[in-house]
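The values are calculated or read from the model by the stated rules, or taken from the named source; none is laboratory data. Only a predicted model underlies this, so the values are computations on that prediction, with no experimental measurement involved. Don't worry about glycine lacking a Cβ; one is built from the backbone with ideal geometry, like all the others, and counts go over all protein chains shown. Quick note on the areas: whole protein, heavy atoms, side chains included, nothing else; ligands and nucleic acids left out. Shrake-Rupley method; radii C 1.70, N 1.55, O 1.52, S 1.80 Å.
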Amino acid sequence: MDGRQQRLSAESVTLAYEQRVIARDLSVEIPDNSFTVIVGPNACGKSTLLRALSRMLKPSQGRVLLDGQSIQTMPAKKVAKTLGLLPQTSVAPDGITVADLVARGRYPHQGLLRQWSPEDERVTRESMEATGVAELAERYVDELSGGQRQRVWIAMALAQQTPLLLLDEPTTYLDIQHQIDVLDLCAELHETQGRTLVAVLHDLNHAARYATHLIAVRDGEVVAEGPPAEVVTAELVERVFGLRCQVIEDPETGTPLVVPAGRKARVPRPAASPEPALGG
C-alpha cells in the first residue's frame, strides 16, 4: 500500500460466531478503485471477512474502518449511501415484484424532504436493464428461478449506487453464461464508473481473470495478496487449496489459468513392436 488511508479496511480484527473464532488478529486494506476478490477453500473465513467489512458482523476485537471511522459507530443510512452489499443468501418479502424489490435499493437516498423521484425511477430501470431482469419487472420474486432471483438482488445492489460494492458469491445459482455476464458487469462498474468492488468467489480462474487485487485466505489468515499475475502460482494454489496444478497463461486474457493435475499420472504409451519381416 502507498500509506494513504484506504476507504475500507480492517485493523487487527477477531471474528467469531458466539464462541467459535473464525479469524484472529486479521488486518486487510481494500485498495481504492480496485476490483478486489477474496478466494480460499470452504470455511476459511472469506465470507465472514466480507460480513465484517459490510458491518453485518461486529468484530469481537479490532475494528473495521470506513473513510477513517469505525463502521460500527456510523449511522446506518450513512453507511448505506457509501457501501452496498449483496449477501450470500437473501430472502425477499412475500408477494413483492421484481421492480419493487430493486426499487428498495433507493431507500438510502430517501428522506423526509426527498421522496421517490424521476431519478430513482431511472436508476431502478437502468439497474434492471444492466442485469437482464427488466422483462421480469412485474413478476413476483418468489416465482423466479434461483438464477433469476440472484440477478434481481444484484440489480437492487446496483440501484443503491454506492461507491463501494461488496458481493458475497454473486455467481451462485447462475449458469456459465450468466456467471460471465455478471462478472463482466462488475468489471464494467469498476472500469467505467470507478467503483470499488469486493467479491467473494469460489472459482479461482474467474477471480484471476477479473480481479485487479486478489486476497487469498486460509484458516482465517491472509496467505497472500496482490495482483493475480503475481499471486496465482502453482505453489500458492497447493498451499491454499491443497490442489496440485499447473498455472498457465489464459489464451483469451493473458491472466493466470489454473489447470488441475489429473487424477492419475499420464502413462506413456509403450513403443510399438517392430513389424515382422515379410517373406522367408
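Of the residues making up the range 53-72, just one is open to solvent by less than 70 Å² (accessible area, probe 1.4 Å), within 19 Å of the chain's Cα centre (by Cα) and farther than 21 Å from D32 by Cβ, namely L57. Selection within the range 211-230: residues that are touching a Pro at 6+ places or on another chain (Cβ under 9 Å) and buried (at least 16 other Cβ atoms within 10 Å of the Cβ). The member of this set that is farthest from S127 (Cα to Cα) is R218.
Listed by position, the helices (runs of 4 or more DSSP H) contained in the range 127-242 that have at least 1 residues being farther than 20 Å from K46 by Cα are 146-159, 176-193, 228-231, 234-241.
Can you tell me how many residues in the range 125-149 are under 26 Å from D32 (Cα atoms) and either open to solvent by less than 30 Å² (accessible area, probe 1.4 Å) or of a type in the set (A, V, I, L, M, F, W, C) (or both)? Spell out how you get there, then give the answer.
Of the range 125-149, the ones under 26 Å from D32 (Cα atoms) are 126-127, 130-131.
In the following step, the residues that additionally are either open to solvent by less than 30 Å² (accessible area, probe 1.4 Å) or of a type in the set (A, V, I, L, M, F, W, C) (or both) were identified as 127, 130-131.
Within the range 125-149, residues that are under 26 Å from D32 (Cα atoms) and either open to solvent by less than 30 Å² (accessible area, probe 1.4 Å) or of a type in the set (A, V, I, L, M, F, W, C) (or both) number 3.
Look at the range 115-140: where a residue is within 15 Å of G105 (Cα to Cα) and a partner is in a loop (DSSP other than H, G, I, E, B), sitting 6+ places away or on another chain with Cβ atoms under 7 Å, you get V123/Q161; M128/A137. The number of residues in the range 231-260 that are under 25 Å from V21 (Cβ atoms) and surrounded by fewer than 13 Cβ atoms within 10 Å (Cβ to Cβ) comes to 1.
Between V37, V98, the distinction of being at pLDDT 95 or above, β-branched (V, I, T), buried (at least 22 other Cβ atoms within 10 Å of the Cβ) and farther than 23 Å from G220 by Cβ belongs to V98 only.
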